[in-house]
Amino acid sequence: MRTESFKSHLIPLMSLFTIPLLGLIYVYLNHARGKAYNLVTDLDQQIPFVKIFILPYVSWYGFLFIAFLYFSYKNREVFVQTLLQINMGQLICYVIYAIFQTHVQRPELAGNDALLQMVQWVYRSDQPYNCFPSIHVLTSYLVMRAYWSTGNIPRAYKYAVTFMAMAIIASTLFIKQHVLLDIAGACLVAEVVVCIESRLLRKSLSRLVRSFMAPKTLHAGSKDDMREDKAMPIK
């Protein structure tokens, strides 16, 4: 039974590799190419650099995995919908990066403690280009939205996901990886892909999940919970 359960979740979890695979496009685009626009505003200049926010920033990887792992057990259909939304959002962002490159001015770092070393590692790994819209914000926003739009998820889980998503979004500003317009652009792209997925692709995805990914719900769920799930589709 345990082996069968593991196998039933293996394909959905392997599909998460589409996120880093598409990320290779970002790596290709992440260098100076002609003119790069600066979207910093006066309000951005008032936001301080706060090194402790590197912790939620790098926790983004684990946040996505755990959030999707729960959906893999709880609601396979929402798992696929949210992953597709993220993949679509990534591609839209990469098209924007290719035609409208932006640049963020990073601060000079004074010190050599563990937190600053983590910030320096991020700065070395990620060039200060292709910031609008933010992929960190796009993905965190879509996961948070999926949790709140799905029934039969305990509110404690929804609040925990919201806290982490908001901390990650805030971290992009406080460690000076992004500016406010990058966040606004990411939220706009997220709403666009949700609209496209829900209006044009939802029925096809439902058939795919039923035939290929064998959607499951938690065994502990009651009939009332199942009715709630049906009454509260993702919008």
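For G89, are the conditions met, namely being among the small types (G, A, S) and either touching a Leu at 6+ places or on another chain (Cβ under 8 Å) or outside any helix (DSSP H, G or I) (or both)? Quick ask: steps written out before the conclusion?
On the way: among the small types (G, A, S): yes; either touching a Leu at 6+ places or on another chain (Cβ under 8 Å) or outside any helix (DSSP H, G or I) (or both): yes.
Yes; evaluated as a whole, the condition is true for this residue.
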Q. Can you pull out the residues in segment 1-32 that are assigned to a loop (DSSP other than H, G, I, E, B) and either open to solvent by less than 70 Å² (accessible area, probe 1.4 Å) or at pLDDT 95 or above (or both)?
A. N30, A32
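Test I47 against the stated conditions and say whether it is more than 16 Å from V161 (Cα to Cα), touching a Phe, Trp or Tyr at 6+ places or on another chain (Cβ under 9 Å) and either modelled with pLDDT under 95 or open to solvent by less than 40 Å² (accessible area, probe 1.4 Å) (or both).
yes
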Q: Name every residue in segment 50-64 that is out of contact with any His (no Cβ under 9 Å at 6 or more places or on another chain), assigned to a helix (DSSP H, G or I) and either at pLDDT 95 or above or surrounded by 16 or more Cβ atoms within 10 Å (Cβ to Cβ) (or both), in order of residue number.
A: K51, I52, F53, I54, L55, P56, V58, G62, F63, L64
Q: Could you please give the count of residues in segment 197-212 that are modelled with pLDDT of 80 or more and surrounded by 14 or more Cβ atoms within 10 Å (Cβ to Cβ)?
A: 2
Q: Pull up segment 155-177, narrow it to residues that are in contact (Cβ under 8 Å) with a residue 12 or more places away in the chain and over 15 Å from the mean Cα position of the chain (by Cα), then point me to the one that is surrounded by the most Cβ atoms within 10 Å (Cβ to Cβ).
A: I175
Q: Can you tell me which residue among L55, L21 is under 19 Å from D126 (Cβ atoms) and in contact (Cβ under 8 Å) with a residue 60 or more places away in the chain?
A: L55
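The values are calculated or read from the model by the stated rules, or taken from the named source; none is laboratory data. These numbers were taken from a predicted model, which means no experiment stands behind them. FYI the Cβ positions are ideal-geometry reconstructions off the backbone, even for glycines, and counts take in every protein chain you see. To get the accessible areas, we keep the full protein, side chains included, count just its heavy atoms, and leave off ligands, DNA and RNA. Shrake-Rupley method; radii C 1.70, N 1.55, O 1.52, S 1.80 Å.
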